[in-house]
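Below is one structure, written out as structure tokens; the observations come after it.
The values are calculated or read from the model by the stated rules, or taken from the named source; none is laboratory data. It should be emphasised that the depicted structure is a prediction, and the values quoted were computed from it without experimental measurement. As a convention, Cβ positions derive from the backbone with ideal geometry for all residues, glycine included, and neighbour counts pool all protein chains shown. When the accessible area is computed, the model is the full protein with side chains, heavy atoms only, and any ligands, DNA or RNA have been set aside. Shrake-Rupley method; radii C 1.70, N 1.55, O 1.52, S 1.80 Å.
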Amino acid sequence: MSNPSGSFSFDMVVFGASGDLALRKLLPALYLRDVAGQLNPDTRILGVARAEMTLEEFRSLAHDGLARHLPPGELNDTAWQRFAARLSYRAADVEQLADFAGLADDLPPDDSRVRVHYLAVAPRFFGVICQHLGAVKLNRGQSRVVLEKPIGHDVASANAINDAIGAVFREEQIFRIDHYLGKETVQNLMALRFANALFEPIWHRGHIEHVQMTVAETVGVEKRGGYYDQSGAMRDMVQNHLLQLLCLVAMEPPASFEADAVRDEKLKVLQALHPIGPNTVASKTVRGQYRAGAMQGQAVAGYAEEVGNPDTTTESFVVLKAKIDNWRWAGVPFFLRTGKRLPMRRSEIVIQFRPVPHLIFPGAERDVVGNRLVIRLQPDEGIELHMMTKVPGPGGMRLRRAPLNLSFAETFRGRQPEAYERLLMDVVRGNPMLFMRRDEVEAAWHWVEPILAGWAALGDAPKPYMAGSWGPSAAMGLIERDGRAWHEDMP
């Protein structure tokens, strides 16, 4: 599969190859890995979609996608010609078994060759595609299947999908992708905790006062209105992205840097989450929906207008106050926040440490605040440690908070690979560490489902907030009732 140069031979079958995910993320990621020299000459990429088109038409569609979505200057004719030669295309209705016979002809039996089936399609097609792959024996040997979120919309549907796929592919062949786990800063969170002696001794309730996690987006639902209105922020972001980040922050040190050792510890965090149900959902959660407003000086429509459903009660914003019932984290609140049409695009984790137990500097009570560790996931990946320092010059001991800043762009020169580049190559290598195991998916749904049921029982519509704001005022109230503030409002 590999050689000393680090390049790989494999077949990548992309179901939904004419869709947004394939053109925006998957094909650009594969192209960039080709430019980096990681694809052997015999690596093939087969696009599968319902649309009838010639190979040249598919290659033209792929080229347009690369031109739109690659970083400036990355697309050049020599690299494109090499990449285009790898591309082939087959029109198929994934619900028709007969169409998979031709796919099997394109991929003759070879149990020694890595074959990745990437399901960039709606989850309702996951089971039938896998069933048909099994029927034409494309699940054998080193075949793998990659599933995009969401894996179901509740516990029952997630189990049904996992059962259908598990009937054809072994668990070690199944890669449930969460692109947030492929981000450099997310992986550096493990390095920060477990490769340094500085933080782990104080990484617990005795020194950490609270934790904030924010995934803020400036965009609305864009072209995903039909999907999003059936999903909402809870299913789209909290059940997967935010809970996975929570696991990495809160998990115990694994015994080794092996996939199942890490995922075992993540599972324990999910199982230790304190339940939020009908009796507590009103005090522990806030959900909102954006109204018309302005973004960067431009008027934007409200959520209901964008999805074309004036009666929609789907949330575009969620805040949760979560707690973990174990010795390390008992009593430490984790505030999770995500939303669309917020003032800035920002994903970050904020670890707020407790203040010093005894302040020796007279008159500095208002100036001295607890240390704060800020892990920036996007857009400017990096780590900041906010510390108290003396202001230079005469005039006594004047104190002020200042950050120690590790910027990935400045420290590690050159382009940083996108998450999908890393995750696709991890699938080829057969490394499942950054992918969700079945029991993780089910545990996350077991925690999320009572919250959804609680909202339904309350019958309240999502609280309105103006596009361009930080969400409904109740979101501020939830954290302020604890005597805390969101990071953007902290001193």
**OP:** Run Val374 past the list (1) open to solvent by 20 Å² or more (accessible area, probe 1.4 Å); (2) under 18 Å from Gln212 (Cβ atoms); (3) β-branched (Val, Ile, Thr) and report the number of the one that doesn't hold.
**Re:** (1)
Subject >> Close pairs (6 angstrom Cβ cut-off, 6 or more residues apart or separate chains): among the β-branched types (Val, Ile, Thr) in the stretch 241-266, not in a helix (DSSP H, G or I) anywhere >> reply: Val262/Pro254; Val262/Met433
Original post:
Does the stretch 41-63 contain any residue that is surrounded by fewer than 19 Cβ atoms within 10 Å (Cβ to Cβ), touching a residue at least 60 places away in the same chain (Cβ under 8 Å) and not in a strand (DSSP E or B)?
Top reply: no
Subject >> Residue, least open to solvent (accessible area, probe 1.4 Å), within the stretch 130-154, restricted to residues that are within 24 Å of Gly19 (Cα to Cα) and touching a Ser or Thr at 6+ places or on another chain (Cβ under 8 Å) >> reply: Leu133
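Could you count how many residues in the stretch 357-402 are without any contact (Cβ under 8 Å) to a residue 24 or more places away in the chain and not aliphatic (A, V, I, L, M)?
16
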Original post:
How many residues, within the stretch 393-407, are modelled with pLDDT under 85 and surrounded by fewer than 16 Cβ atoms within 10 Å (Cβ to Cβ)?
Top reply: 8
**OP:** Would you point out which residue out of Glu217, Glu252 is of a type in the set (Asp, Glu), touching a strand residue (DSSP E or B) at 6+ places or on another chain (Cβ under 9 Å) and open to solvent by 10 Å² or more (accessible area, probe 1.4 Å)?
**Re:** Glu217
**OP:** Could you please find all residues in the stretch 362-371 being under 16 Å from Ala402 (Cβ atoms) and either part of a strand (DSSP E or B) or open to solvent by 40 Å² or more (accessible area, probe 1.4 Å) (or both)?
**Re:** Asp367, Asn371
Original post:
Out of Leu27, Leu32, which single residue is in contact with an Asp or Glu (Cβ under 8 Å, 6 or more places away or on another chain), assigned to a helix (DSSP H, G or I) and either among the hydroxyl-bearing types (Ser, Thr, Tyr) or modelled with pLDDT of 95 or more (or both)?
Top reply: Leu32
Original post:
What are the residues in the stretch 416-443 that are farther than 16 Å from Asp34 by Cα and open to solvent by 10 Å² or more (accessible area, probe 1.4 Å), if any?
Top reply: Gly430, Asn431, Pro432, Met433, Leu434, Met436, Arg437, Arg438, Asp439, Glu442, Ala443
Original post:
Mind checking which residues of the stretch 475-489 are surrounded by 15 or more Cβ atoms within 10 Å (Cβ to Cβ) and over 25 Å from the mean Cα position of the chain (by Cα)?
Top reply: Arg484
**OP:** Go through the stretch 161-187 and count every residue that is free of Cβ contacts under 8 Å to residues at least 60 places away in the same chain and open to solvent by 40 Å² or more (accessible area, probe 1.4 Å).
**Re:** 3
